[in-house]
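The structure appears right after this line, and notes come after that.
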Amino acid sequence: MIDDIRSACDEALAAVASAHLDVVDQLHAELLGKRSHLSGMKAKLGSLDAEERRVAGSALNQAMASVSAAIDERRAQAQRAALEARIDAERLDLTEAPPVGRRGHLHLVTQAWEQLEDVFVGLGFTVAEGPEVETDWYNFEALNMGEGHPARGEFDTLFVGRSDNELPGESGILLRTHTSPVQIRAMLAQEPPIHIVAPGRVFRRDTPDATHMPVFHQIEGLVVDRDITMADLAGTIEAFTRAFFGEEFTSRLRPSYFPFTEPSAEFDVRRPDGSWLELGGCGMVHPEVLRAGGLDPEQWSGFAFGFGIDRMAVMRHGVSDIRDMYVNDIRFIEQF
Amino acid sequence: MKVLLSWLNDFGPFADPSDESSVETLADEMTALGLAVESIDRIGSGVDGVISAKVLRVEQHPDAAKVRRVWVDAGEGQERHVWCGASNMAAGDVVALATLGTQMPDGRTIERRGILGIDSEGMLCSETELGIGSDGSGIMILPADAPLGVAYTEAIGLEDDVIFDLDLTRNRPDCWSVRGIARDLAAHRRQPLASPPAGADYVEGAERSVPVALEAGDRCGRFTTTVLSNLAVTESPEWIARRLTSVGMRPINNVVDASNYVMLELGQPNHAYDHDAVSSGLRIRQAKSDERITTLDGVERVCVTDDLLICDASDAPVGIGGVMGGADSEIADSTTEVALEVAWFESMGIMRTATRHALRSEASARYERGVDPAVADDAIQRFASLLALTCPNLVLHAGTVDERGSALPSTERSVEVRVSAVNRVLGTEFIADDLPPLLDRLGLRVAIDDDRMSVAIPSWRPDISGEIDVVEEVARMFGYDRLGRSVPRAAVHGHLSAAQRRRRELRRVLVGLGVSEAMPNPFVASDTMALAGVDGPTMRILNPLVAEESALRTSLRPGLLAAVAHNEHHRREGVSLFEIGHVYPPGDGDLPDEYEALCVVLAGRNAHDAVAAWREIAAALGTGAMIDQGTRPGGLHPTRSAVLRSGRDVIGVIGEIAPDVAGRFGVSERVAVFEVRLDGILASEPRPASHRVVSRMPTSDLDLAFVMPDDTPAERLERALRQAAGDLLVSCELFDVYRGQGVDPGTRSLAFRLRLQQRERNITDADIAAVRERCIAGAERLDATLRG
């Protein structure tokens, strides 16, 4: 009996070893299933005496276990082979990758705009907005530029009407020439303390050239509270300069003139190489402007500043002609 | 404004023109005072290595007609030989010789370069080559008595000088004069304002007057006439001519030059008439309608009544007041007696006239800003003393006529200033006694009474009229850079509003969808909106730069279509662009109903792509809209477009650009598009989504295909199916649309896959069967039948 078991086992192990990998899943049933030779021998154990049965049974169990293990090993072998075959078959040159959908790109002005907003939000400002078509009152009158004020002429205003027959300025409607009207709107809308920046689109009757567009963008800042001083203005400009340009940049204020601030200043940024960049205008909010905003200049004081966004955008990327930003050529847009 | 350092130094001294660092310091100082220095030009420094030399003899080149051999002596008593292409020099002339090694302004270096084996030991220079003049026709001939072997600049008496170009602000009319700038500098340095070298003495003569009839006193505050006789019209002294030239004024003759010199130095425009022409008197009146005058520049001007004319005794205009003299008012070479007009005109009127006639003169530029109403006497005397330099027998006649008008500002103005107010604005800690030293040299005279100061304002500072104006002067004189630096404590924390955050989110989603941002011009031509199929009126730009920009857009589509066309023409088909920008349809009042909109164009794609993109964006923003194909939006493909509705409101359009519209904009591709109002979408932030526990129960898919008439939107069927599935629905997707064999014309088969799940237990066949029945019933109400 033992010999029979041994030879059946050898036979089965040989069958496993020679089995084709495709049929490895059928081996179990074939060699160990109910109808298999080894299972058949199990039935014969009953006819043996106790001692023989114990020895033969043990031998048979060992035989079946070794066949089962051989089948498992063969199966694992088959799986490895199949995996290798698949991996071989799936070889891919990754550099053959075709382009998928192109990523979109934000406009350079938007990128600069958001970056400026982020810096000012970090400095404690909120962001205010206002309409682009404005009234004369918000754009000029309330900003201490009453009718006939000579500074009005410097703004090259574009006037708006409902019909071509109207005279420019007749209805008092215009395209805002600066973001400063938002100052007035903010003061009228909320009680101080006011800490806002107002980025936005502005308009001038200006022939386009490499550095000018009739439609461009500014960001304006306004702080109104009790006891706001010119030192606060200088400190805020300096904080912005370092936050936006970098710690190695500094700023200076120098006297200038704007009807809506007094004292007024230009602010310049000093680059690490010692050269100066003229950035924008600023100053203490003029008492008349506070009054127009419904605030008593004896109770409240404030400062304002403003500068161009487009220039920030082109400077950052070395765009030599500002008009390029407005052609909407995808070959330009995709660069940034 | 250009100002010459040597002229400033007449009131100084302020800087040494030959000392680079003192010039730089002065420039920085002016900038720090608010007199921004735009550029610094050095003159007279010359070209190193160019010296004076005397021509000994000239020989013709034997072969080349245009080349001459010139022997010169540069004062060393030895001959040098140069080749020269010019022929205007002769033996005995003193010329400018560029010696070997000289670096010329144009970048050339003078080298020993021979012709025919004979070396040239330098080059003779023209004015152009030396960068000092425009005469390049021949060699520059220096004065015959010039010393030899010295720098040519020294030989012609050219001194080192510096021209500062200042960008002056509108509030500082006093700085439109050399004396005004010098006054600021002197005040800042706390040094006295010096008096310039006087001209020459003149004789005070008997009374001789030109009467003045000042009829427009509200426009002309002061009009003086002064008679000067015994003059001869000749050239100005060389230094006067040079100063005028260096700041861009052409020397004419001694009379005109003295007039201009006085204007530049004191800021007071003035005009010298030939006395004979105006001896019977002058009349200052407003013009008659259509009255004509030919001004000095030879242009005939047609006046309106708002213009101010200076007329002679016969009432014929001889000048436009404060702007420009008449062509006939010029003095002649034979003039021996002049009447000098020194006047003060109201600035707004001058500005209107100058603008109306597009005529900006040196005089109008100053009057527009505001001339010192009290400087006339200084100006008259300065004119006489300068003219006396060339007219030793000049007589200044007594009897100056000085008519005043109501427009003349008071010269006795003062402002109350509180020291506390100064400190409150500047963040300083001044006491009253600190302020007079800062202000008095500006001419602001301070009288202190405790916290209050009374500050007397000088006549040349019309810009100072209130406390805050004095505060600014304090800051300027103290130095902006010496004010402290602090940061206000913000009582609010910085943040973006919900709408601003959502706008950023929107941009990020669009970029993720492969759409790039464009910024077209919001100005369009009158017919652009109509061409784009967008109905309705537009707001007009009343003074457009060009006709193509005479209206304000009411839709973002035209701008993006133009951008698609541009890219198509550059072989970039298939661009995806968006714009977030304002549109300005007319409203009920004068102002438009301006709002922010989003427009997306997908070139080369179809309406389904537009819908897919819109749905993605709507989902990201937690918003939505009904696609109503029953309403056809203008400008869009009639059978491939819809309006987007939120409730009853139309918030946008979606679909494809109508082929004819695309053609009009030069676009040949199919263009998927949607345009929506953003104001509502950005303003209504959805509440944060509440968490639903993901069920572990098994799901089961139910595929159903219905045949439905073409004119019923698939979306309606989907809604019916979703309703039918109720709580069991996990998702519902349209996965196939079929038209063709087996489906009646005018209908299509729409196949949906519903994924179903019971949240608390295993889903059963009975559950699925019930949903199926409800779906079929729901579809039937839409005339959709289950496809067998």
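The values are calculated or read from the model by the stated rules, or taken from the named source; none is laboratory data. On a predicted model such as this, the values are computed, not experimentally measured, just so you know. Ideal geometry is used to build each Cβ from the backbone, glycine not excepted, and the neighbour counts take in all protein chains shown.
List of remarks:
- Criterion: surrounded by fewer than 19 Cβ atoms within 10 Å (Cβ to Cβ), within 11 Å of chain B (Cβ to nearest Cβ) and touching a residue at least 60 places away in the same chain (Cβ under 8 Å) - qualifying residue of A:G122, A:G101, A:G148: A:G122
- Screening region B:535-562 for residues that are β-branched (V, I, T) and more than 21 Å from B:L598 (Cβ to Cβ) and picking the one that is farthest from the other protein chains (Cβ to nearest Cβ) gives B:V546.
- Restricting region A:154-166 to residues that are facing another protein chain (nearest Cβ under 7 Å) and free of Cβ contacts under 8 Å to residues at least 40 places away in the same chain leaves a set whose member that is surrounded by the most Cβ atoms within 10 Å (Cβ to Cβ) is A:V160.
- Check on A:L31, part of a helix (DSSP H, G or I) and touching a Gly at 6+ places or on another chain (Cβ under 6 Å): no
- Residue that is surrounded by the fewest Cβ atoms within 10 Å (Cβ to Cβ) [pool: residues in region B:707-725 that are touching a residue at least 60 places away in the same chain (Cβ under 8 Å) and under 22 Å from B:M626 (Cα atoms)]: B:P709
- Qualifying strands (runs of 3 or more DSSP E) (wholly inside region B:346-421; at least 1 residues being away from chain A (no Cβ under 14 Å) and buried (at least 17 other Cβ atoms within 10 Å of the Cβ)): B:395-397, B:401-404
- Pairs, first within 30 Å of B:Q758 (Cβ to Cβ) in region B:726-747, second β-branched (V, I, T) and in a helix (DSSP H, G or I), C-beta under 9 Å, six or more apart: B:G726/B:V771; B:L728/B:I768; B:L728/B:V771; B:L729/B:V771
- Residue identified as within 12 Å of chain B (Cβ to nearest Cβ) and within 28 Å of A:D209 (Cα to Cα) among A:E298, A:E334: A:E334
- Which listed residue is aliphatic (A, V, I, L, M) and within 14 Å of chain A (Cβ to nearest Cβ), from B:A258, B:A198, B:A187: B:A187
- For region B:580-595, residues that are touching a residue at least 12 places away in the same chain (Cβ under 8 Å) and within 9 Å of chain A (Cβ to nearest Cβ) total 7.
- Qualifying residue in region A:76-90 (condition: modelled with pLDDT under 85, more than 14 Å from every other protein chain (Cβ to nearest Cβ) and not in a loop (DSSP other than H, G, I, E, B)): no
- On inspection, B:L756 qualifies as buried (at least 17 other Cβ atoms within 10 Å of the Cβ), touching a strand residue (DSSP E or B) at 6+ places or on another chain (Cβ under 6 Å) and not acidic (D, E).
- Just one of the numbered conditions (1) at pLDDT below 85; (2) surrounded by 14 or more Cβ atoms within 10 Å (Cβ to Cβ) is not true of A:I71: (1).
- Subset tally (residues that are surrounded by fewer than 18 Cβ atoms within 10 Å (Cβ to Cβ) and more than 19 Å from B:S137 (Cβ to Cβ)) for region B:70-98: 10
- Qualifying residue in region B:514-522 (condition: part of a helix (DSSP H, G or I), modelled with pLDDT of 95 or more and within 10 Å of chain A (Cβ to nearest Cβ)): no
- Every listed requirement among (1) outside any helix (DSSP H, G or I); (2) within 22 Å of the chain's Cα centre (by Cα); (3) over 23 Å from A:V224 (Cα atoms) is met by A:G124 save one, (3).
- Enumeration of residues in region A:181-192 that are touching a strand residue (DSSP E or B) at 6+ places or on another chain (Cβ under 6 Å) and either among the small types (G, A, S) or modelled with pLDDT under 95 (or both): A:A186, A:P192
- Of the residues making up region A:213-245, those that are farther than 14 Å from A:G308 by Cβ, more than 9 Å from chain B (Cβ to nearest Cβ) and in contact (Cβ under 8 Å) with a residue 12 or more places away in the chain number 7.
- Annotation: A:R201 fulfils all but one of (1) surrounded by fewer than 22 Cβ atoms within 10 Å (Cβ to Cβ); (2) at pLDDT 95 or above; (3) within 10 Å of chain B (Cβ to nearest Cβ); (4) closer than 22 Å to A:E147 by Cα; the unmet one is (4).
- The residues on offer are A:V160, A:V197, and the sole one that is in the same structural domain as A:W300 (by TED's automatic domain parsing), closer than 24 Å to B:Y480 by Cβ and either more than 30 Å from the chain's Cα centre (by Cα) or not in a helix (DSSP H, G or I) (or both) is A:V197.
- Cross-chain or 6+ apart pairs with Cβ under 8 Å, region A:30-51 first and loosely packed, with under 10 Cβ neighbours inside 10 Å, then at pLDDT 85 or above: A:G46/A:R53
- Scanning region A:34-75 for residues that are in a loop (DSSP other than H, G, I, E, B) and under 16 Å from A:V16 (Cα atoms) yields a total of 1.
- Residue in region B:25-35 that is in a helix (DSSP H, G or I), under 19 Å from B:D160 (Cβ atoms), at pLDDT 85 or above and away from chain A (no Cβ under 14 Å) present: yes
- Criterion (at pLDDT 95 or above and not aliphatic (A, V, I, L, M)) met by exactly one of B:R761, B:R772, B:R716: B:R772
- So B:A258, is it of a type outside the set (D, E), in contact (Cβ under 8 Å) with a residue 12 or more places away in the chain and buried (at least 24 other Cβ atoms within 10 Å of the Cβ): yes
- Subset of region A:301-329 (residues that are over 18 Å from A:V202 (Cβ atoms), within 12 Å of chain B (Cβ to nearest Cβ) and in contact (Cβ under 8 Å) with a residue 12 or more places away in the chain): A:S301, A:G302, A:F303
- Qualifying residue in region B:25-37 (condition: touching a residue at least 12 places away in the same chain (Cβ under 8 Å) and surrounded by fewer than 17 Cβ atoms within 10 Å (Cβ to Cβ)): no
- Residues that are surrounded by 22 or more Cβ atoms within 10 Å (Cβ to Cβ), in contact with a Leu (Cβ under 8 Å, 6 or more places away or on another chain) and either acidic (D, E) or not in a loop (DSSP other than H, G, I, E, B) (or both), drawn from region B:167-184: B:C175, B:V178, B:R179, B:I181, B:A182, B:D184
- The single condition from (1) more than 7 Å from chain B (Cβ to nearest Cβ); (2) closer than 15 Å to B:P544 by Cα that A:E191 fails is (2).
- Within region B:491-509, considering residues that are surrounded by 15 or more Cβ atoms within 10 Å (Cβ to Cβ) and not in a helix (DSSP H, G or I), the one nearest to the other protein chains (Cβ to nearest Cβ): B:G494
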